[in-house]
Amino acid sequence: METSTDVYRFLVRPKERPGEHCGPRARSLAADARALGLSKIRAVHRAAIYFVRGTIAPKELSLLGRFLFCDPVVEDCAWERVGDAAPAGAPARARRIEVSLRPGVTDPVADEAARAARELGIKGVEAVSTGDAFDVEGDGVTDGDLRLLAERLLCNAVIQRWAIGRIEPSWPDEAAGSGEVERMDVGSMDDAALLALSAERRAALDVAEMVVIRDYFNREGRACTDAEFETIAQTWSEHCVHKTFKALIEVDAPGYPPFVDNVLKSYIKKASDEIAAPWVLSAFVDNAGIIEFDDEYEVSFKVETHNHPSAVEPFGGANTGVGGVIRDVMGVSARPIAATDVLCFGPPDAAPEEVPAGSLHPRRIASGVIAGVQDYGNKMGVPTVNGGIHYDHGYSANPLVYCGCAGIAPRGRHPKAAAAGDRVVVLGGRTGRDGLRGATFSSMVMDSSTGELSGASVQIGAPIVQKKVSEALIAARDAGLYSAITDCGAGGLSSAVGEMASVLGADVDIARAPLKYPGLAPWEIWLSEAQERMVVAVPPKDMDALRAICDAVDVEMTDLGRFTGEGRLVVRYGGATVIDIDCGFLHSGPPQRRLRAAPPVDASAGEPADERAPAGAAVSPAPAVGEALLAILAHPAVVSREPTVRLYDHEVQGATVLRPYDGPAADGPQDAAVLKPRETKGSRGLALSNGFNHRYGAADPYRMAVSAVDEAVRNAVAVGADPERIAVLDNFCLGDPTRRETMWTLLESARGCYDAAIAHGTPFVSGKDSFNNAYLASDGRRVSIPPSLLISAIGIVPDVGNAPGTDLKAEGDPLYLVGNPAPSFGGSVYAELFGLPPGSDPGVPGSPAGAPAAYRALHRAIAAGFVRACHDLSDGGLAAALAEMCIGGRLGARVALDGIGGTAPALFGETNGCLVVEADAPTAAEFERSMAGSPYRRIGETDGEARLLLSVGGEAAVVGLDDMIAAYSGTRSER
C-alpha cells in the first residue's frame with residue numbers, strides 16, 4: 001500500500017475564562033499596539049501553530065494534538081491537513097496575522113516536539129515547525145494597520161516571516177551542498193581591492209591586516225580559499241583577538257607616557273600580577289577565571305557580552321549570550337551553578353520619533369532580551385541570581401547584554417594539553433547556517449542595514465541540548481576521558497578547533513559534521529556558530545568510553561579528525577582540501593593595531609560628535625526631603641526589578657542562600673547573591689556581585705572604574721564575603737576605537753581599574769571588551785552608548801549562615817554608617833531628577849579613603865555574628881539605602897545625621913566605600929570593638945513605626961513605609 005507525506009496544521013489557543021474575554025497577555029499586546037499609534041486595536045489574542053510533516057495516522061494526529069501540543073485543561077486544539085478546505089481562521093470579530101520562523105533558523109520547540117513524538121511511538125513524523133497566530137480585535141483595522149503591527153511588534157524580519165491570514169509552512173532548503181570552494185587571488189590585489197574584498201565579505205579587516213594576508217599567500221604561492229579567508233577574518237576579529245586592548249596607543253594627554261603598549265598588560269593583568277594572590281588558580285588563560293574554593297573544589301566565573309546580536313534579534317541574542325557563557329564555564333570542566341545578567345536598554349517609554357531610525361523600539365528590545373535570558377537559564381536549570389537593569393538614551397539602538405556564569409569543579413581535574421594523535425571530537429548540537437560571521441559582525445558599527453545583512457549572524461539556543469552536553473562532560477571529566485576542551489562560540493569549529501590546534505596543528509574532515517539540514521558550503525560548516533557544541537581532545541583509547549556516556553544521555557558525538565603535531569591547520573571536505581594554513585601565521589599573524597588617544601573637547605560628553613541625552617535634568621527648586629526620596633525610589637535606576645526577576649528561576653539546584661529579593665515580603669533588594677554548592681562540605685559558600693554606573697562614565701571614566709570596582713567589592717563584603725578572597729572581572733563596552741576620545745576613555749577607565757584593584761587587593765581573573773557599540777541611523781544620526789564598565793566579583797563566604805541580607809530584622813537594633821562618606825552629585829540620581837544642589841560637589845564619587853580597612857573590619861564583625869543587616873550606599877545615597885532596608889524588613893527607623901554636610905548631601909549625595917549596618921542590640925558593644933580603628937558612626941536605630949524618620953542638623957522629615965513601598969514597587973500614583 002502506497003503512503004504519502006502530508007503536512008498537518010495544529011492550532012492551540014487558550015480557553016476563555018468565564019467572564020474574561022481578554023486575558024492579561026491580550027491586553028498587554030493591545031497596549032503595545034496603541035503605543036505604536038494603533039488606537040483602534042482593542043485586543044490581540046495569541047495562539048500557537050504547529051506544522052507537522054510526515055505519514056501519520058488519524059489516531060496519532062489526535063494523540064499529538066491532545067497530549068503533546070495542548071494542555072486540555074487550559075487550552076483547545078484543532079488540526080487539519082494543509083491543502084484541505086480550510087475552516088475559518090480568526091474569529092468573526094478579529095483579523096489574523098500569522099508569524100513563523102524563516103527556514104533554517106533554529107527552532108528548539110519544533111526539535112523537541114519531533115523528539116517527543118518519537119518518544120510517543122509516532123515514527124512517521126519527519127519534521128516539525130512552529131509559529132504564532134495573532135487575532136487582532138478592533139473596529140476598522142486596515143491592512144496597513146496590520147502591516148505596521150506585524151513589522152513593528154509581532155515579527156522580527158531578521159529571523160521571522162509573516163502573513164495576513166494564514167501562513168504557509170516552510171522547511172529548510174534541502175538541496176545537496178556542492179562542496180565547491182571559491183578561490184580568491186588575493187596575492188594580485190592592490191590595497192583598494194583588498195579593502196573591497198574585506199567589505200564584501202563583512203570581514204572587518206583593515207588594510208594593514210589585508211596586506212599581511214596578501215603577503216602570506218604570495219609566500220605560499222597560491223590563491224586563498226573562501227574558507228581560509230573567513231577563518232583568518234574570524235581569528236583576527238576584534239571579538240576574538242582583542243586588537244584594541246592589545247594595540248599600541250599614542251597618547252596626547254597629560255599624565256600619560258607618549259605610548260601605551262597593550263592596555264590589558266599595562267593595567268588589568270598588571271594589577272593581578274602585582275597582587276599575585278596564591279588562591280587564584282587561572283587568570284586570563286582559559287575560558288573562565290578560576291579561584292580556590294577550598295581544598296577540594298575550585299570555582300570559575302566568566303562574564304560575556306552579546307550586544308550586537310541582541311540589537312538585531314533580542315530574544316535570540318540574549319538567549320545565546322546566556323548559553324554561550326554557560327559553555328565557557330563548561331569549557332573549564334566545571335558544573336554551571338549560577339547565572340548573572342546586567343542589561344542596558346533605551347528608555348521604555350521613548351516616543352517612536354526618539355528611537356534611531358531603522359532600529360527596534362527599546363521596549364521591544366527589553367522584552368525580547370528578558371525573555372531570552374529567562375528561557376535559557378530556566379530550561380537548563382541554572383539559577384539566575386544576580387544582575388541589574390539600566391536605562392539611557394544611548395542604549396536605544398545598541399543595548400548591552402552582559403551574561404555571566406559561575407561553575408564549580410573538583411580541583412585539578414581540568415585537563416588543558418591535547419597531544420598529537422588525540423582525536424578532535426565534537427559533542428552536542430548540529431550545524432546550520434545560524435551564526436555565520438558572528439565574530440566579525442560583533443566587530444563592526446551597526447547601522448540600519450545591519451539586520452538585513454547580518455541576519456545569518458543571529459542564533460537561537462536549545463538549552464535542553466546543552467543540559468545533556470553538560471551532563472556528558474561532567475561524567476567524561478570524572479572518568480578522565482579527554483585531554484583538552486573548549487566551546488564552539490564565536491567562529492564555531494574554526495575558533496574551537498583552531499585554538500586547540502594553535503600549537504600542534506590538526507587535520508579534520510568537516511564532511512563528517514552532522515548538519516541540521518543539507519546544502520551548506522564547506523566554509524559555512526566550518527564557521528557556523530550553531531549553538532550547544534563543545535570540542536574535546538580525546539585519546540584514541542578513550543573513544544569508546546566517551547561514546548557510551550554520550551549514548552546514555554542522548555548526546556551526538558562526532559569524530560572529525562586528529563591533532564597532528566605538524567603545526568598546520570588542515571581542513572578537508574571529503575577528498576578536497578579547503579584549508580591548509582600555518583598555525584603560527586593564523587594565531588600570531590595580525591599586525592599590532594596603532595591607535596590614538598586624547599581627551600574629548602568636553603570631558604563630560606564622552607564622544608562629542610554623537611547625539612546623546614544630557615546626563616542630568618535642568619536645575620529645579622530643591623524638593624522636600626520626603627518628595628525627593630519617593631522620586632528617587634521610583635527612578636529607573638532605583639525602582640524594583642522584581643517583576644523581571646520573578647521570571648527567572650533563582651533557586652533551582654537548591655544552592656541559593658541569599659536571593660535577589662528577600663525579607664518577610666520577599667521584596668527587599670539584596671546587594672549580592674550567596675550560594676552554597678551542593679557538593680561542598682561545611683558552611684562555606686560564595687558571593688556573586690557587580691558594580692556598574694554608566695552615568696559616572698559619561699562624566700569621569702576614571703572614577704567610573706574606581707566606583708565600579710568598589711561597588712562590586714562592597715556588595716560582596718555586605719553579604720559576608722572575605723575581602724581578602726574576592727576576585728573581579730572586567731567588561732568594557734565602548735564606541736568606535738578609531739576615535740581618539742574612545743581610546744582616552746578606555747585608558748582612563750583601565751587606569752581606574754588598576755588603581756582600585758591594587759587598593760582593595762582584588763585581582764582580575766577574567767574579562768572581555770566590546771567595541772563599536774555605536775549605531776549609524778538611516779537619517780544620518782550617530783548614536784553611541786555612554787562609556788560602560790561592568791565589574792563583577794566572586795568572593796568566598798566563610799559561613800553562609802552569617803550572610804546578613806539588607807532587610808531590617810528587629811526593633812530596637814542600632815544602625816551604623818560604616819566608612820568615610822564623601823557625598824557628591826556628579827552622575828547622581830538626585831542631580832538627574834532635580835539638578836545640582838547649591839554648593840554641592842559636582843564630581844563623580846572617587847576613591848574612598850580607608851575603605852579597604854573598613855571592609856576588613858566589617859567582615860570580622862559579620863563573621864562573628866554581630867551584624868543582622870547590611871546594605872551598601874549607591875544610587876540615591878544614604879536615604880535610598882535606608883528606605884530599601886525598611887521596605888525589605890517591614891520596619892521603621894529613626895536616623896540622625898550630623899557632620900556629613902547639608903541635608904541634600906547627607907541624604908542623597910552618592911559616595912563610595914560606605915554601608916549601613918544593623919547590629920544585633922545585645923552585641924552592639926562587641927560590634928563597635930570589632931570596628932575599632934576603622935571609620936564608622938552610630939546614626940540611629942530601628943523601631944516598629946511604619947515610617948522612616950530622617951533628621952539632619954535639626955531638620956526632620958518623615959516618610960511613610962507604605963509610600964516608600966508604593967514608590968519603590970512602581971505602584972505609587974502622582975499626587
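The values are calculated or read from the model by the stated rules, or taken from the named source; none is laboratory data. The structure displayed is predicted, hence computed values, not measured ones. Note: ideal-geometry Cβ built from the backbone for every residue, glycine included; neighbour counts use all protein chains shown.
Observations on the model:
- Evaluated against (1) surrounded by 14 or more Cβ atoms within 10 Å (Cβ to Cβ); (2) modelled with pLDDT under 95, G131 falls short on exactly one condition, (2).
- In the set G892, G909, only one residue is under 27 Å from P621 (Cα atoms) and modelled with pLDDT of 95 or more; that residue is G909.
- Filter result for A853 (assigned to a helix (DSSP H, G or I) and either in contact with a Leu (Cβ under 9 Å, 6 or more places away or on another chain) or hydrophobic (A, V, I, L, M, F, W, C) (or both)): yes
- From G358, G377, G346, G394, residue being touching a residue at least 12 places away in the same chain (Cβ under 8 Å), at positive phi and more than 11 Å from the chain's Cα centre (by Cα): G358
- Residue in the stretch 403-417 that is surrounded by the most Cβ atoms within 10 Å (Cβ to Cβ), counting only those that are of a type in the set (A, V, I, L, M) and modelled with pLDDT of 95 or more: A406
- Evaluated against (1) assigned to a helix (DSSP H, G or I); (2) under 32 Å from the mean Cα position of the chain (by Cα); (3) closer than 18 Å to E926 by Cα, Y830 falls short on exactly one condition, (3).
Let's see how each residue does on (1) closer than 19 Å to A366 by Cβ; (2) in contact with a strand residue (DSSP E or B) (Cβ under 6 Å, 6 or more places away or on another chain):
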{"site": "A288", "(1), (2)": "no, yes"}
{"site": "E296", "(1), (2)": "no, no"}
{"site": "K302", "(1), (2)": "no, yes"}
{"site": "P314", "(1), (2)": "yes, no"}
{"site": "T320", "(1), (2)": "yes, no"}
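- Residue within the stretch 430-443 that is over 15 Å from the mean Cα position of the chain (by Cα) and modelled with pLDDT of 95 or more present: no
- The residues listed here are A420, A371, A350; of these, the one that is surrounded by fewer than 22 Cβ atoms within 10 Å (Cβ to Cβ) and more than 23 Å from V639 (Cβ to Cβ) is A420.
- Hey, V385 assigned to a strand (DSSP E or B), surrounded by fewer than 24 Cβ atoms within 10 Å (Cβ to Cβ) and either among the β-branched types (V, I, T) or within 10 Å of the chain's Cα centre (by Cα) (or both) or not: no
- Residues that are at pLDDT 95 or above and of a type outside the set (A, V, I, L, M), drawn from the stretch 232-256: E250
- Restricting G933, G940, G865, G901 to those that are closer than 22 Å to S824 by Cα, outside any helix (DSSP H, G or I) and not β-branched (V, I, T) reduces the list to G901.
- Sole residue being surrounded by fewer than 21 Cβ atoms within 10 Å (Cβ to Cβ) and either without any contact (Cβ under 8 Å) to a residue 40 or more places away in the chain or over 16 Å from V638 (Cβ atoms) (or both), chosen from A921, A861, A893: A921
- Residue count for the stretch 267-312, restricted to those that are among the aromatic types (F, W, Y) and under 24 Å from the mean Cα position of the chain (by Cα): 2
- Of the numbered criteria (1) under 23 Å from S770 (Cα atoms); (2) of a type in the set (A, V, I, L, M, F, W, C); (3) assigned to a loop (DSSP other than H, G, I, E, B), the one V503 fails is (1).
- Any hit, the stretch 678-697, residues being modelled with pLDDT under 95 and crowded, with 24+ Cβ neighbours inside 10 Å: yes
- Which numbered condition R890 fails, given (1) closer than 30 Å to P838 by Cβ; (2) out of contact with any His (no Cβ under 8 Å at 6 or more places or on another chain): (1)
- Residue in the stretch 806-818 that is crowded, with 21+ Cβ neighbours inside 10 Å, touching a strand residue (DSSP E or B) at 6+ places or on another chain (Cβ under 9 Å) and either among the small types (G, A, S) or part of a helix (DSSP H, G or I) (or both) present: no
Residue-wise test of (1) outside the structural domain of E499 (by TED's automatic domain parsing); (2) assigned to a helix (DSSP H, G or I); (3) under 24 Å from D769 (Cα atoms).
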| position | (1), (2), (3) |
| --- | --- |
| V212 | yes, yes, no |
| D215 | yes, yes, no |
| R222 | yes, no, no |
| T244 | yes, no, yes |
| Y256 | yes, no, yes |
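- Number of the exception - F217 against (1) surrounded by fewer than 18 Cβ atoms within 10 Å (Cβ to Cβ); (2) within 30 Å of D185 (Cα to Cα); (3) not basic (K, R): (1)
- Answer from S778, S840 - the residue that is in contact (Cβ under 8 Å) with a residue 12 or more places away in the chain, assigned to a loop (DSSP other than H, G, I, E, B) and either among the acidic types (D, E) or over 30 Å from A869 (Cβ atoms) (or both): S778
- Checked against (1) over 20 Å from the mean Cα position of the chain (by Cα); (2) modelled with pLDDT under 95, V424 passes all but condition (2).
- E811 fulfils the conditions (1) modelled with pLDDT of 95 or more; (2) within 25 Å of P660 (Cβ to Cβ) except for a single criterion, (2).
- Some residue of the stretch 125-139 being under 30 Å from L360 (Cα atoms), assigned to a helix (DSSP H, G or I) and more than 34 Å from the chain's Cα centre (by Cα): no
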